Each structure stands twice: as structure tokens, then as C-alpha cells.
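The structure under discussion appears below in the form of C-alpha cells.
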Ligand code: MG
């Protein structure tokens with residue numbers, strides 16, 4: 001059962017810079033509806049049509065396994081991890097940013113959060129020894145490593161728990177590294193952890 005879906009914006013310096021954003025001084029958290037989450041099991045995901053560019057953002061996703069207690073280490077709190085894509089309507093988001101409006105229309109559409117199969121969260125040293133990658137039609141377009149995060153997993157869970165609450169079944173998309181870009185109908189996206197593909201999806205559009 002998935003409960004809250006928290007996402008961290010601008011958690012990798014080079015990604016913040018590629019979109020012309022300042023590097024934040026505290027975690028920037030937004031939410032997606034739980035309906036946005038789908039399995040990256042090879043299925044075709046129907047994406048919004050006629051809303052401008054849709055960008056992929058590959059991210060490490062952590063699943064909270066128990067109720068948060070102050071002082072708890074992230075390894076105690078998180079039971080499993082996965083990889084996910086924070087699909088974003090980039091043109092819509094740029095308009096929302098200018099207007100100072102919430103990001104729901106750009107980030108919260110259905111199927112905007114495919115998640116791979118889960119694996120046990122490794123300890124910090126193990127995490128830092130492995131990269132996650134996104135392949136677009138077989139070519140690597142993003143490579144991330146938690147050691148390049150601005151805010152660590154520990155900082156993120158503490159911040160979310162203290163400000164918004166954190167409990168079993170919550171997911172956190174922990175931010176995307178540089179290399180985001182647009183997708184088009186028929187594109188295949190594959191998410192890999194240390195070179196092993198954990199899940200994939202294909203971009204589809206609704207027949208009209
Ligand atoms: Mg993101």
C-alpha cells in the first residue's frame with residue numbers, strides 16, 4: 001500500500017544548474033498523488049498529449065517501512081529502495097513557476113511516477129559504491145550516485161518527518177541527477193542499478 005509520495009526537487013547541484021535554478025539551502029519537497037505511481041514492468045504508459053515537452057527524471061526511490069521516531073537512522077526506517085522516474089511536463093512547469101502556482105499540473109498526472117521492482121536498501125558505503133542509470137532507447141542519458149546529493153537520505157527523511165510526517169508505505173523520490181530531457185511516443189526507458197536493469201516502460205499516447 002502506497003501512502004504519501006514525497007519528492008525532492010533540486011537535490012543534485014548539476015541538475016539544479018541545468019534548469020537554471022538556484023541550489024537550495026534546505027530540502028525542497030513536493031508531492032505527487034499516489035495515483036501517479038505505476039509499475040515500471042515494461043508496460044506502455046499513457047502520457048498527456050498536447051501539453052508540451054515531457055521530461056524524464058530518473059531517481060532513487062526509498063520506501064518507508066515503519067513509523068518514524070526521532071533519531072532513527074535512515075537504514076532502520078527504510079525497508080526497500082527502487083528506481084523511479086519523476087515524469088515532468090516541463091513547459092507546463094515553467095509556466096507554473098512564473099505564476100508562482102503549485103506544481104501539481106506538471107508533476108502529478110497519472111502514470112507520472114513509474115517505479116521498478118524493489119531491492120533492500122544497502123548501507124551508505126554500499127550505496128555510494130554503485131551508480132543508477134537511465135537508458136533511453138538503449139543509450140545512457142542519466143547517471144546518478146547518492147554521494148552527489150545535496151541533502152543526504154538521512155537529512156531528507158528527518159526533514160520530511162519533522163515537517164510533514166513519515167510512516168509505513170510512504171515513498172520518497174530523492175531527486176534527479178543532470179541529463180534530464182524530453183521523451184516522445186514509442187521511446188523505451190530502462191532503469192538500472194549498478195548496471196542491472198530493474199524495470200522499464202514505454203511512452204504511449206492515447207488514441208483519439
Ligand atoms: Mg524530480
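For residue 143, all conditions in the list (1) surrounded by fewer than 23 Cβ atoms within 10 Å (Cβ to Cβ); (2) touching a residue at least 60 places away in the same chain (Cβ under 8 Å); (3) within 16 Å of the ligand (Cβ to nearest atom) hold save one; what is the number of the exception?
Failed condition: (2).
Exactly one condition in (1) within 22 Å of residue 77 (Cα to Cα); (2) free of Cβ contacts under 8 Å to residues at least 12 places away in the same chain is false for residue 155; which is it?
Of (1) within 22 Å of residue 77 (Cα to Cα); (2) free of Cβ contacts under 8 Å to residues at least 12 places away in the same chain, only one is false for residue 155: (2).
For the list (1) over 22 Å from residue 102 (Cβ atoms); (2) at pLDDT 95 or above, I need the number of the one condition that residue 8 fails.
Just one mismatch for residue 8, condition (1).
Could you count how many residues in the range 88-108 are away from the ligand (no atom under 14 Å from the Cβ) and part of a loop (DSSP other than H, G, I, E, B)?
Of the residues in that region, 3 qualify.
Could you list all residues from the range 63-77 that are touching a strand residue (DSSP E or B) at 6+ places or on another chain (Cβ under 9 Å) and either part of a loop (DSSP other than H, G, I, E, B) or surrounded by fewer than 24 Cβ atoms within 10 Å (Cβ to Cβ) (or both)?
Step one: of the range 63-77, the residues touching a strand residue (DSSP E or B) at 6+ places or on another chain (Cβ under 9 Å) are 63-66, 74, 77.
Passing the criteria: 63, 65, 66, 74.
Given the criteria within 22 Å of residue 194 (Cβ to Cβ), touching a helix residue (DSSP H, G or I) at 6+ places or on another chain (Cβ under 6 Å) and surrounded by 15 or more Cβ atoms within 10 Å (Cβ to Cβ), does residue 127 qualify?
Working: within 22 Å of residue 194 (Cβ to Cβ): yes; touching a helix residue (DSSP H, G or I) at 6+ places or on another chain (Cβ under 6 Å): yes; surrounded by 15 or more Cβ atoms within 10 Å (Cβ to Cβ): yes.
Yes.
Can you pull out every residue in the range 79-101 that is surrounded by fewer than 20 Cβ atoms within 10 Å (Cβ to Cβ) and in contact (Cβ under 8 Å) with a residue 60 or more places away in the chain?
The one that is surrounded by fewer than 20 Cβ atoms within 10 Å (Cβ to Cβ) and in contact (Cβ under 8 Å) with a residue 60 or more places away in the chain: 90.
Could you tell me how many of the residues in the range 1-43 are more than 14 Å from the ligand (Cβ to nearest atom), part of a helix (DSSP H, G or I) and surrounded by 15 or more Cβ atoms within 10 Å (Cβ to Cβ)?
Final tally of qualifying residues: 1.
Across the range 122-142, what is the total count of residues that are under 16 Å from the mean Cα position of the chain (by Cα) and closer than 12 Å to residue 60 by Cβ?
Adding up the residues that qualify gives 5.
Mind checking which strands (runs of 3 or more DSSP E) fall wholly inside the range 152-208 and carry at least 3 residues that are within 16 Å of the ligand (Cβ to nearest atom)?
Hits in the range 152-208: 171-173.
Among the residues of the range 48-59, what is the count of those that are more than 22 Å from residue 132 (Cα to Cα), surrounded by 15 or more Cβ atoms within 10 Å (Cβ to Cβ) and either within 16 Å of the ligand (Cβ to nearest atom) or without any contact (Cβ under 8 Å) to a residue 12 or more places away in the chain (or both)?
Going through the range 48-59 one residue at a time, the tally reaches 1.
The values are calculated or read from the model by the stated rules, or taken from the named source; none is laboratory data. Everything numeric in this text was worked out from a predicted model, so none of it was measured. All Cβ positions, even for glycine, are placed from backbone atoms using ideal geometry, and neighbour counts span all protein chains on display.
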